[in-house]
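The values are calculated or read from the model by the stated rules, or taken from the named source; none is laboratory data. Because the structure is a prediction, the values reported are computed rather than measured. Here the Cβ positions follow ideal geometry from the backbone for every residue, glycine too, while neighbour counts run over all protein chains shown.
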Amino acid sequence: MQKKIIDFSRYSSIKIGPKVEVNIIENGDIIPKNSFIVGRACNLLISPTPPSISMLGKDFDYIKEYDDILEVGASVATGRLLSYVKKNNIKGLEFISHLPGSIGGMVAMNAGVKEYETFNILSSLKTDDRWIDTKDISHGYRYANLPGVVTAVRFKIQRGFDTRLQNTLSKLRKNQPKNPSAGSTFKNPKGEYAGRLIEAVGLKGKQIGGMAFSSVHANFLVNLGGGRYSEAIELIELAKDKVEAKYGIRLEEEIKIVSIKYKALKESISV
Ligand SMILES: Cc1cc2nc3c(=O)[nH]c(=O)nc-3n(C[C@H](O)[C@H](O)[C@H](O)COP(=O)(O)OP(=O)(O)OC[C@H]3O[C@@H](n4cnc5c(N)ncnc54)[C@H](O)[C@@H]3O)c2cc1C
């Protein structure tokens, strides 16, 4: 298996993280157990002390069509897939417009917008060299209970890319900040919006060091420049505590915190 040095302060969408050696998995490699799989790092907060990290290489960066099936390798970027389905008049994936990441990350997060979610249109996925019907995988709002690293996925092809739907969903992005972020920090609690709760406890725009809850959309933790992992964690814990104290709701992170010492750091921060 090949190794590569990745600087996560450049690679990740939130521009935080160390420079570390990662495993690059290609066809035929045994996927290491106890290693955290990273796609495009658009939903991650990577600590200065991450566990072992693996990423899929170029062998999994392919798109092919046969019969009425679209097969996509898990390291394909969402932007590339969107261009492909648009060009080939395939419908169902319009919602991935402005949803940054890889196909593997999209599946693991059951990423989506409003009622449009990855699992709605996915027919099967490949893990440990076998194809599994997505009906056999439990999933829900921003999670999927995957049995392992996903290397490819299949969609049933239906023609008719819906440009109007793409435009409508793109317009929803207008209230999102332009600064580096990892998308929504917290999942929306049932019947509520995490952003509204953060705002209601006075944390919209709250800044610690280089990190802040965006003044554009409070559920986005943004890096205003030189933001650090510990500052992000401090803001996350502050929001959880304040929202719980006022509303009795414990916010749950949507972003994934990648650290071997997360618990210890959490305990060392008093907010
Ligand atoms: C500006 C911005 C806007 C966003 N808007 C949205 C939105 O509207 N809706 C939404 O749902 N998300 C949104 N996100 C979050 C992000 O786009 C999605 O979660 C995306 O699917 C992450 O893909 P990734 O490849 O970057 O995954 P990563 O961030 O690298 O990883 C995310 C999770 O997926 C797992 N994973 C990655 N690859 C694999 C694999 N091959 N097999 C198994 N598990 C894997 C990782 O272990 C991790 O648990 C946004 C992010 C940003 C920065």
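Within segment 150-165, is there a residue that is of a type outside the set (Asp, Glu) and under 30 Å from ILE233 (Cα atoms)?
For segment 150-165, residues of a type outside the set (Asp, Glu) and under 30 Å from ILE233 (Cα atoms): present.
Determine whether ASN23 is within 17 Å of VAL258 (Cβ to Cβ), buried (at least 18 other Cβ atoms within 10 Å of the Cβ), at pLDDT 95 or above and away from the ligand (no atom under 12 Å from the Cβ).
Taking the combined requirement at face value, the residue satisfies it.
Specify the residue that is nearest to the ligand (Cβ to nearest atom); the eligible residues are those in segment 132-146 that are surrounded by 13 or more Cβ atoms within 10 Å (Cβ to Cβ) and not basic (Lys, Arg).
Going through the qualifying residues, I end up with LEU146.
Could you list, in sequence order, all residues of segment 231-251 that are surrounded by fewer than 16 Cβ atoms within 10 Å (Cβ to Cβ) and under 22 Å from the mean Cα position of the chain (by Cα)?
Selection gives GLU237, ARG250.
Could you figure out which of (1) within 13 Å of the ligand (Cβ to nearest atom); (2) at pLDDT 95 or above; (3) closer than 21 Å to THR78 by Cβ isn't true of PHE186?
(3)
Could you list, in sequence order, all residues of segment 95-117 that are within 6 Å of the ligand (Cβ to nearest atom) and either more than 17 Å from THR168 (Cα to Cα) or surrounded by fewer than 20 Cβ atoms within 10 Å (Cβ to Cβ) (or both)?
PRO100, GLY101, SER102, GLY104, GLY105, MET106, ALA108, MET109, ALA111, GLY112, VAL113
All but one of (1) farther than 16 Å from LEU235 by Cβ; (2) in a helix (DSSP H, G or I); (3) within 19 Å of the chain's Cα centre (by Cα) hold for GLY195; state the number of the condition that does not hold.
GLY195 satisfies all of (1) farther than 16 Å from LEU235 by Cβ; (2) in a helix (DSSP H, G or I); (3) within 19 Å of the chain's Cα centre (by Cα) except (1).
Which residue pairs have Cβ atoms under 7 Å apart, sit 6 or more places apart or on different chains, and have a first residue in segment 175-189 that is touching a residue at least 24 places away in the same chain (Cβ under 8 Å) and a second that is in a loop (DSSP other than H, G, I, E, B) and basic (Lys, Arg)?
PRO180/LYS15; LYS187/ARG142
If we keep just the residues of segment 250-269 that are closer than 15 Å to GLY17 by Cα and among the β-branched types (Val, Ile, Thr), which is modelled with the lowest pLDDT?
Residue satisfying both the conditions and the ranking: ILE260.
Condition first: closer than 19 Å to ALA77 by Cα, touching a Lys or Arg at 6+ places or on another chain (Cβ under 8 Å) and either of a type in the set (A, V, I, L, M, F, W, C) or away from the ligand (no atom under 15 Å from the Cβ) (or both). Can you find one or more residues in segment 160-168 that meet it?
Yes, that holds for at least one residue.
Say whether the condition of being surrounded by 17 or more Cβ atoms within 10 Å (Cβ to Cβ), closer than 30 Å to ASN27 by Cβ and in the same structural domain as ALA74 (by TED's automatic domain parsing) is met by at least one residue in segment 172-188.
Within segment 172-188, none of the residues are surrounded by 17 or more Cβ atoms within 10 Å (Cβ to Cβ), closer than 30 Å to ASN27 by Cβ and in the same structural domain as ALA74 (by TED's automatic domain parsing).
Can you tell me which of LYS33, LYS87, LYS4, LYS58 is surrounded by fewer than 15 Cβ atoms within 10 Å (Cβ to Cβ) and closer than 30 Å to ARG164 by Cβ?
Step by step, each of LYS33, LYS87, LYS4, LYS58 is checked, and only LYS87 is surrounded by fewer than 15 Cβ atoms within 10 Å (Cβ to Cβ) and closer than 30 Å to ARG164 by Cβ.
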